[in-house]
Amino acid sequence: MDKKVMVDLLYQMLLIRRFEEKAAEMYAQGKIGGFLHLGVGMEASCVGAISVLRPDDYVIAGYREHGHCLVRGSDPRLAMAELFGRMDGLSKGKGGSMHFFDKERNFLGGTGIVGGQLPIGTGVGFAINYRGGDQVCLCFFGDGSVAQGVFHESLNMAALWKLPVLYICENNLYAMGTALSRTQSVTDIYKKAEAYGMPGEQVDGMDVLAVREAVTRAVERARREKIPTLIETRTYRFRGHSMRDPAAALYRTREEVEEWKKSDPIVQLWDRMSRDGTVSDAEYKEMDKEISQVMEEAVRFAEASPEPPLEELLTDVHV
Ligand SMILES: Cc1ncc(C[n+]2csc(CCOP(=O)(O)OP(=O)(O)O)c2C)c(N)n1
Ligand SMILES: [Mg+2]
C-alpha cells in the first residue's frame, strides 16, 4: 500500500486517540459536562471505513462518534468547543459529546437514541437515489442497535429499494454492561444480512487495513450497483461505557480488557510500519508531538469560546 495512505491512517487514529484522552482529562477537571462516551481502542473501525469515502459521501453514527467526525475532517478545535458546550462548537455547544454535526462534511450526527441513526441513514440512501446521485452513506451503530426493530426494517428496505448504504455494526461485544451473548441468539451480526438478501461481512475491527479493504469493496458495490452491505467490525472499547463507568470491572474481567489491549489498532499499524521501514521512530514521535500541539490548541480555542447566549436557546430546535 502507498506510504502516504498508511501514514494518513496512522495519523488519523492517533489524532482521535489523543483527542479523546484530552477530553477525558478535561472531563476530570470539570470542564466538560454531561455524557462522554469514548471510543479508545475502536479507532481502526471508523478510520479504516471513512478513509475510503469521497467528500460528497455521507456519514451518520451513534453517540460514540468523536472519531467518525474527526476522520471526516472536522476541526478538532470545533469538536473540543462542542464538548465544552461553547458557541463555536460543531453544534453551537448545544449538543455536546453525543451530538457532533458537520453539514459541510456531510457528517449527519451524533445520535443519542440507540439505533436512531439506522432509519435516518436509510433515508439518506433513498435521497441519494431520488436525486440520481452516486454517493454512498456509511451508517455506523453499535451491537446494541441490532435488537431494535429499526435495524431490521432498515435493512429490509435498503435491500428491497437498492439503497447505497453501508450498515457498519461496530461490535464491541457490550451494550453498556450487557454482553452481546445475553441479548442475541446469533452473535455473528454479519449473518443477519442473509435474511435481507444483502452481502454481509465480518472484519477484524482492530486492523485498520482490513477494515479499509472490506469497506472499499462494499462502497464500490453501493456506488456502482446500488447494493447495500452489512459490515460487522469486531472491536473493543478499552475504557468504560462512559466516563461514569470508569472501571468496567463488574461485567467484564480485567484479563479480558488486557487481552484486547494487545491488539491495540494504533500499536498494530505502527509495528507493521516500523518493521516495513515505512515510518521511523523519529517520524512517529514528530507526528505525536504535532498532534499533541493540535490538542493544546483545541483546548485553548474551546476555553476562549463563549457559552451560547440566551437567544440561542430555542434556535435549531425541532419540535
Ligand atoms: C432507544 C434507547 N434505549 C436505551 C438507551 C440507553 N443506552 C445508551 S447506550 C446503550 C447501549 C448501546 O450499546 P451499543 O449499541 O453496543 O453501543 P456501544 O455503547 O457499545 O458503542 C443503551 C442501552 C438509549 N440511549 N436509547
Ligand atoms: Mg456495543
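Nothing in this text is a laboratory measurement; each read-out follows from the coordinates by a stated rule. What you are looking at is a predicted structure, and each value in this text was computed from that prediction instead of being measured. Glycine also receives a Cβ, built like all others from the backbone with ideal geometry; neighbour counts cover every protein chain displayed.
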Most mobile of S280, S154, S45 in a GNM of the chain (Cα contacts under 10 Å): S280
Taking 7 Å along the Cα-to-C-beta vector as the label spot, tell me the M176-R252 distance in nanometres, rounded to one decimal. 1.6
With a/c under 1.5 counting as rounded, go ahead and sort the range 160-319 into rounded, prolate or oblate using the C-alpha gyration tensor (a ≥ b ≥ c being the square roots of the eigenvalues; past the cut-off, prolate if a/b is larger than b/c, else oblate). rounded
Output the relative contact order of the chain, whole-number percent, from Cα pairs under 8 angstrom with separation of 6+ residues. 23
So how strong a dipole does the range 152-306 carry about its Cα centre when Lys and Arg Cβ are +1 and Asp and Glu Cβ are -1, to the nearest 20 debye? 640
Set K192/K261; K162/K191; K103/K285; K22/K285; K22/K261; K103/K191, cut-off 24 Å on Cα-Cα distance; pairs above it are K192/K261; K103/K285; K103/K191
Counting alpha carbon pairs within less than 8 Å and at least 6 residues apart, what relative contact order, in whole percent, applies to the range 174-319? 18
With 20 Å as the limit, write out which pairs from K31/K92; K3/K262; K31/K289 have Cα-Cα distances beyond it, or answer none. K3/K262; K31/K289
GNM, the chain, Cα, under 10 Å: largest mean-square fluctuation among G41, G33, G110? G33
GNM, the chain, Cα, under 10 Å: largest mean-square fluctuation among Y27, Y130, Y236? Y130
Which of the helices in the chain, when you take each full DSSP H run, stretch at least 18 Å along the axis at their Cα atoms and have an average Kyte-Doolittle score of 0.5 or higher? 117-130
E194 versus R275: modelled label distance in nm, points set 7 Å from Cα along the beta carbon direction: 3.3
Based on DSSP H runs of at least 4 residues, each adding -39500 (n - 2.57), what is the mean residue ellipticity at 222 nm of the chain after dividing by all its residues, to the nearest 500 deg cm²/dmol? -14000 deg cm²/dmol
Per residue and in Å³, how big is the convex hull formed by the alpha-carbon atoms of the range 75-141? 88
Total formal charge among the other residues, if their Cβ is under 13 angstrom from that of S51, Lys/Arg +1 and Asp/Glu -1: -1
Sort largest first and round to whole Å: the equivalent ellipsoid semi-axes of the chain, each the square root of five times a Cα gyration tensor eigenvalue. 28, 24, 21
